[in-house]
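The values are calculated or read from the model by the stated rules, or taken from the named source; none is laboratory data. Keep in mind that this is a model prediction, so the values were computed, not measured. Glycine gets a Cβ as well: all are built from the backbone with ideal geometry, and neighbour counts include every protein chain shown. When the accessible area is computed, the model is the full protein with side chains, heavy atoms only, and any ligands, DNA or RNA have been set aside. Shrake-Rupley method; radii C 1.70, N 1.55, O 1.52, S 1.80 Å.
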Amino acid sequence: MDYNNFFAEKINDLKDEGRYRVFADLERHAGAYPHASNYRDGTVHDVTVWCSNDYLGMGQNSVVLDAMHDAIDKCGAGAGGTRNIAGTNHYHVLLEEELAALHGTEAALIFSSGWVANMTTLSTLGSMLPDCVLLSDELNHNSMIEGIRHTKAERLIFRHNDPGHVEELLKGIDKDRPKLIIFESLYSMDGDIAPIKEFCDLAEKYGAMTFIDEVHAVGLYGETGAGVAERDGQMHRLDIIQGTLAKGFGVVGGYIAGTRNMCDVIRSYGTGFIFSTSMPPAVAAASLASVKYVRTHNELRIQHQERAATLKQRMRDEGFPVMDSISHIVPVLVGEAVLCKSLSDRLLDTHNIYVQPINYPTVSRGTERLRFTPSPLHSDKNIDDLIASMNEVWEFFGLNKMTSDEMAKIG
């Protein structure tokens with residue numbers, strides 16, 4: 001077999017479909033978010049970033065940077081290996097205590113990423129709970145799907161955010177069988193939010209556990225930034241809360257929070273935890289500083305929601321096809337992969353605005369979009385520049401604007 005030719009053909013397939021991903025070569029400016037340098041065509045361009053998941057700009061916060069510098073000076077660069085072999089750095093302990101306090105749980109456990117946290121926790125629980133049934137929302141993140149796939153447990157997929165379908169499935173399962181309802185609080189591509197209370201009600205009624213992924217909500221919702229569940233007064237009812245340190249908190253890493261025994265089981269049996277090199281102390285220290293800061297600065301969340309609402313309204317006023325979103329996500333529907341990439345390229349090459357095209361398999365074919373994520377640090381001028389650039393790009397490609405009635409149909 002000509003292996004290299006096989007690989008080339010697979011890449012060409014992606015290019016033919018318009019799904020080949022080209023990474024923008026960016027250099028973020030410390031203390032100057034959302035501005036960055038973009039290296040392209042042998043030159044350097046100043047660009048404005050509109051698609052980062054560093055939703056609050058905490059990756060640039062001086063409190064976070066100082067904590068990371070101090071930890072490097074104190075502990076060095078790496079953790080020295082897995083926590084089982086190299087030991088647990090004291091910053092790991094402090095961070096887990098802070099995360100447990102954030103969510104009001106007995107314990108928390110940190111991982112190298114949110115993907116690993118989901119994958120490890122769900123694969124471990126699905127394999128260990130006897131005759132377990134895993135009920136998963138059809139739009140759950142890849143990390144959750146992979147965790148479920150790596151078990152031999154029975155799995156049932158329910159319609160997106162549909163408590164009625166969940167109950168229909170639960171009625172067909174023996175009440176004594178272990179069951180886990182798995183969902184996200186906020187779905188980051190459409191910006192919609194799960195009916196957490198209804199899912200918790202069903203879990204109590206049918207003897208199921210709940211697993212909520214709050215990665216796109218921690219730091220951003222609730223009085224202390226614990227997520228949508230805190231905002232909705234449901235956090236105490238959830239069995240397992242999974243979150244990330246890479247988005248609202250602006251660093252990197254993932255975690256779960258719950259009972260001490262549950263966390264200890266994942267720590268003791270989860271291969272994704274046991275065999276992974278642990279988080280560097282400097283990362284843990286920066287994450288700890290960020291969580292502490294965000295918990296006590298609710299004004300960040302207020303500013304963040306205002307920026308998102310302002311951008312959505314400005315986009316709608318101009319007739320851009322903004323998909324219905326009740327969160328901070330601002331998705332603009334394009335509906336075709338090649339066009340979506342072309343729009344993104346022109347925004348960057350002509351206007352120095354960076355927003356990555358979102359194509360299949362991240363979203364379904366026919367729902368390709370530009371996904372904007374305004375932060376508290378995006379100014380009115382940034383928004384003005386974006387709107388002007390979008391107007392030019394829309395006109396360049398001969399695209400039609402939409403009326404408010406037409407927009408209501410694309411939610």
*Inspect the range 252-274 for any residue being out of contact with any Phe, Trp or Tyr (no Cβ under 6 Å at 6 or more places or on another chain), in a helix (DSSP H, G or I), of a type in the set (S, T, N, Q) and over 29 Å from Thr362 (Cα atoms) and give the result as yes or no.*
yes
*Identify all residues within the range 327-343 that are surrounded by 20 or more Cβ atoms within 10 Å (Cβ to Cβ) and farther than 18 Å from Lys312 by Cα; write none if there are none.*
Ala337, Cys340, Lys341, Leu343
*Which one of these is surrounded by fewer than 18 Cβ atoms within 10 Å (Cβ to Cβ), at pLDDT 95 or above and of a type outside the set (Gly, Ala, Ser): Asp324, Asp349?*
Asp349
*Pull up the range 280-307, narrow it to residues that are within 17 Å of Leu65 (Cβ to Cβ) and in contact with an Asp or Glu (Cβ under 8 Å, 6 or more places away or on another chain), then point me to the one that is most open to solvent (accessible area, probe 1.4 Å).*
Lys292
*Considering residues of the range 73-85 that are open to solvent by less than 70 Å² (accessible area, probe 1.4 Å) and in a helix (DSSP H, G or I) only, the residue farthest from Gly114 (Cα to Cα)*: Cys75
*Hey, among the residues in the range 38-72 that are among the β-branched types (Val, Ile, Thr) and open to solvent by less than 60 Å² (accessible area, probe 1.4 Å), which one's farthest from Ala217 (Cα to Cα)?*
Val47
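Condition check ((1) β-branched (Val, Ile, Thr); (2) assigned to a loop (DSSP other than H, G, I, E, B); (3) within 18 Å of Met144 (Cα to Cα)) across all residues:
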residue: Asn161; (1), (2), (3): no, yes, yes
residue: Phe183; (1), (2), (3): no, no, yes
residue: Lys197; (1), (2), (3): no, no, no
residue: Leu202; (1), (2), (3): no, no, no
residue: Gly225; (1), (2), (3): no, yes, no
residue: His236; (1), (2), (3): no, no, no
*Among the numbered criteria (1) open to solvent by 20 Å² or more (accessible area, probe 1.4 Å); (2) assigned to a helix (DSSP H, G or I); (3) out of contact with any helix residue (DSSP H, G or I) (no Cβ under 7 Å at 6 or more places or on another chain), which single criterion is violated by Thr277?*
(2)
*asked:* Just to check your reading of the model, which residue among Glu223, Glu214 is in contact with a helix residue (DSSP H, G or I) (Cβ under 8 Å, 6 or more places away or on another chain) and surrounded by fewer than 18 Cβ atoms within 10 Å (Cβ to Cβ)?
replied: Glu223
_It is to be established whether one or more residues within the range 312-327 are free of Cβ contacts under 8 Å to residues at least 60 places away in the same chain and under 30 Å from Asp73 (Cβ atoms)._
no
*State the number of residues belonging to the range 143-154 that are part of a helix (DSSP H, G or I) and either among the aliphatic types (A, V, I, L, M) or over 13 Å from Ser123 (Cα atoms) (or both).*
3
*Tally the residues that are open to solvent by 90 Å² or more (accessible area, probe 1.4 Å) and not in a loop (DSSP other than H, G, I, E, B), restricting the search to the range 4-26.*
6
*Run down Pro374, Pro331 and say which single residue is of a type outside the set (D, E, K, R), within 20 Å of the chain's Cα centre (by Cα) and assigned to a loop (DSSP other than H, G, I, E, B).*
Pro374
_Residue under question is Asp190, and the condition is that it be within 21 Å of the chain's Cα centre (by Cα), under 23 Å from Asp324 (Cβ atoms) and modelled with pLDDT under 95; does it hold?_
yes
*If you take the residues in the range 226-237 that are within 20 Å of Leu122 (Cβ to Cβ) and in contact with a Lys or Arg (Cβ under 9 Å, 6 or more places away or on another chain), which one is least open to solvent (accessible area, probe 1.4 Å)?*
Ala229
*So is Tyr39 among the hydroxyl-bearing types (Ser, Thr, Tyr), touching a residue at least 24 places away in the same chain (Cβ under 8 Å) and out of contact with any Phe, Trp or Tyr (no Cβ under 9 Å at 6 or more places or on another chain) or not?*
no
*Among the residues of the range 86-112, which ones are surrounded by 17 or more Cβ atoms within 10 Å (Cβ to Cβ) and β-branched (Val, Ile, Thr)?*
Thr105, Ile110
*If you take the residues in the range 252-272 that are within 16 Å of Val93 (Cβ to Cβ) and small (Gly, Ala, Ser), which one is surrounded by the fewest Cβ atoms within 10 Å (Cβ to Cβ)?*
Gly253
*In this structure, is Phe158 of a type in the set (Phe, Trp, Tyr) and touching a Pro at 6+ places or on another chain (Cβ under 9 Å)?*
no
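Matching residues to (1) touching a residue at least 24 places away in the same chain (Cβ under 8 Å); (2) farther than 20 Å from Gln242 by Cα; (3) out of contact with any His (no Cβ under 9 Å at 6 or more places or on another chain); (4) of a type in the set (S, T, N, Q):
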residue: Leu65; (1), (2), (3), (4): yes, yes, yes, no
residue: Met68; (1), (2), (3), (4): yes, yes, yes, no
residue: Asn89; (1), (2), (3), (4): yes, yes, yes, yes
residue: Trp115; (1), (2), (3), (4): yes, no, no, no
residue: Pro130; (1), (2), (3), (4): yes, yes, yes, no
